[in-house]
Amino acid sequence: PSRPGRPASPGLRVRVYEGQWTRLPDFEALVPLRTAVTPGLDLAARPGEDDFGLVFEGFVNVPADDIYTFTTTSDDGTRLFIDGQLVVDNDGQHAPQAASGEIALARGWHALRLEFFEARGGEALSVEWQRPGRPREPIQEGRLRH
């Protein structure tokens, strides 16, 4: 089921961390370098090129009752949670790599949490979704609120 009401503000909260990891850490046990609001799921809030983590939290507006496939493409690791349920696990240190997962969602607002870390080398982060019979596409910024 969806969350009643409409979240107050556009964008997502993002917590920014610095550290060296080979797998996603327990971000709840760490102190963020800073917090911010970002319009979308991207790397704009990163503190540098390497050795950082980002945790995005807010809500996504689902347009219709359906089964949604979410895909994260990342360098390095990501985990995507919808309504507290792990949907995509793309953890570990790796070159750009895609991983997907499915979840049935009702029309309306759903809690979204994306965890990401970057070790060394290149960095990449994108999140897309798809409904049956439709093309995969990025989640539009207008569908994200906190």
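The values are calculated or read from the model by the stated rules, or taken from the named source; none is laboratory data. Treat the numbers as computed from the prediction; the structure is a model and nothing was measured. Here Cβ is always computed from backbone atoms with ideal geometry, including for glycine, and neighbour counts include all displayed protein chains. Only protein heavy atoms, including side chains, enter the accessible area calculation; ligands, DNA and RNA are left aside. Shrake-Rupley method; radii C 1.70, N 1.55, O 1.52, S 1.80 Å.
Summary table below
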item	result
Ordering of 13-26, 116-129 by packing [mean C-beta count within 10 Å, highest first]	116-129, 13-26
Accessible area of the chain divided out per residue, in Å², using a probe of 1.4 angstrom	48 Å²
Whole-percent carbon and sulfur share, accessible surface of the chain, 1.4 Å	48 percent
Nonlocal amide H pairs with Ala124, under 5 Å, H built at 1.01 Å	Asp75, Asp76
Overall form of the range 64-129 per C-alpha gyration tensor (a/c, 1.5; a/b vs b/c)	prolate
For the chain, radius of gyration divided by Kirkwood radius, i.e. Rg to Rh on alpha-carbons	0.95
For the range 6-40 and the range 67-127, distance of Cα centres in Å	14 Å
Charge dipole magnitude, Cβ of K and R +1, D and E -1 - the chain, Cα centre, debye nearest 20	680 debye
Relative contact order (percent, whole number), the chain, Cα cutoff 8 Å, 6+ residue spacing	32 percent
Table column - 3J(HN,Hα) (Hz), the range 115-132, Karplus curve with 6.51, -1.76, 1.60, x for Gly and Pro	9, 9, 9, 10, 9, 10, x, x, 9, 8, 7, 8, 10, 10, 9, 8, 9, x
Amide hydrogen neighbours beyond the local backbone of Gly11, cut-off 5 Å, H modeled	Leu144, Arg145, His146
